[in-house]
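Working notes for the structure below.
Here, each number is a calculation from the coordinates, and none is a lab measurement. Bear in mind the structure is a predicted one, so any value in this text is a computation, not a measurement. Ideal geometry is used to build each Cβ from the backbone, glycine not excepted, and the neighbour counts take in all protein chains shown.
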Amino acid sequence: MTNSHPIRIAPSILAADFANFGAECRAAEDAGADWIHVDVMDGHFVPNLTFGPAMCKALRPHIRGTMDVHLMIAPVDPYIQAFADAGADVLTAHVEAGPHIHRTLQAIRAAGVKAGVALNPGTPASAAQPLLDMVDLICVMTVNPGFGGQSFIASQLQTIRDVKAMIGDRPIHIEVDGGVDTKTAPDVARAGADVLVAGSAVFRGGSVEAPDAYGANIVAIRAAAESARGEMA
Ligand code: DX5
Ligand code: ZN
């Protein structure tokens, strides 16, 4: 099975220097990042807190490309307009975040933003089936959301395959988030993912003063994913 989208690497700034986010976004893009992944956590839907729309607005001028905002919050709807106004290109809400994911996705698109739906590891791919015509992206979580640096949950490869089979030839991105590194990238690419979120595996070994490692890390993750795809062609 092939995927028409090129592999995209989306560094998660959850693993960046929190005192230096603007410079970290610029460094990640200079190092070859395709998208910048911004993890919004509310201490309620997930057991951790990060930041909200004001931070996204502050980051916007430091990101040339796609700002991919992952909303790990409940409720979602009261904040959609604020994240749209902050300049998000993609807003991804969790299917588990409330009873009205369909309405949430409608509201995201109505705000002029690409809509994503995320699936926790305990949620089957079929939960996204009724939403296929409303989403631009399906994010398969390969860790339980809330923290960076967790181990990849290999059983989620089947969920990626199920999502891939389900979307058929719709131009929906399959994003994978959690524990992606050079070891797991080939498996997720083979399963059908095209947007690879990686936090620790991108930012490890470098800093804004010494960003060379970021470039090497991104090149290595991309090469691992692309070569696995190449083997399938
Ligand atoms: C987890 C976040 C992820 C996280 C990934 O809740 O959604 O985006 O930052 O971090 P790594 O790549 O370190 O698993
Ligand atoms: Zn994320």
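Here are the numbers for the structure shown:
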read-out	value
Gap separating the Cα centres of segment 73-101 and segment 46-60, nearest whole Å	12
Kirkwood hydrodynamic radius over Cα pairs of segment 77-181, then Stokes diffusion coefficient at 20 °C and 1.002 mPa s, in µm²/s	153
Sites matching trypsin sites (Lys or Arg not before Pro) across segment 1-95 that sit in DSSP coil, with at most 16 neighbouring C-beta atoms within 10 Å	Arg64
Kirkwood-based shape ratio for segment 5-126, expressed as Rg/Rh from alpha carbons	0.95
Separation of the Asp169 and Asn48 label points, Cα + 7 Å toward Cβ, nm	4.0
P(r) tail fraction, segment 112-233 - alpha-carbon pairs more than 19 Å apart, %	48
Computed magnitude of the charge dipole of the chain (debye, nearest 20; Cβ of K, R +1, Cβ of D, E -1)	260
Of the DSSP H helices in the chain, those whose Cα atoms cover at least 15 Å axially and whose Kyte score averages -0.5 or more	156-167, 212-232
Where N is the number of residues in segment 21-64, Cα Rg divided by 2.2 N^0.38 Å	1.27
Paramagnetic reach from His5 in segment 12-45 [backbone N under 14 Å; point 7 Å along Cα→Cβ]	34-37
Taking Thr182, Thr104 and counting other C-beta atoms within 10 Å, the order from fewest to most	Thr182, Thr104
Overall dimensions of segment 124-185 by Cα: Rg and Dmax, Å	12.0, 33
Selection of chymotrypsin sites (Phe, Trp or Tyr not before Pro), segment 16-50, meeting DSSP coil and at most 12 other Cβ within 10 Å	Phe18
Net lengthening on full extension, Met55/Ala213 (0.36 nm per residue, minus Cα-Cα)	54.3 nm
Residue-span extension gain [Ala220 to Ala233] - 0.36 nm each, minus C-alpha spacing	2.7 nm
Segment 1-120: relative contact order as a whole-number percent, Cα under 8 Å and 6+ apart	20
Contact order relative to length of the chain, as percent, for alpha carbon pairs under 8 angstrom and 6 or more apart	21
Backbone N under 20 Å from the Gln158 label point (7 Å along Cα→Cβ), restricted to segment 1-31	1
Residues Asp17 and Ala111, FRET efficiency given R0 of 30 Å [Cβ-Cβ distance, rounded to 0.05]	0.50
For the chain, Kirkwood radius (reciprocal of mean inverse C-alpha pair distance, Å)	17.3
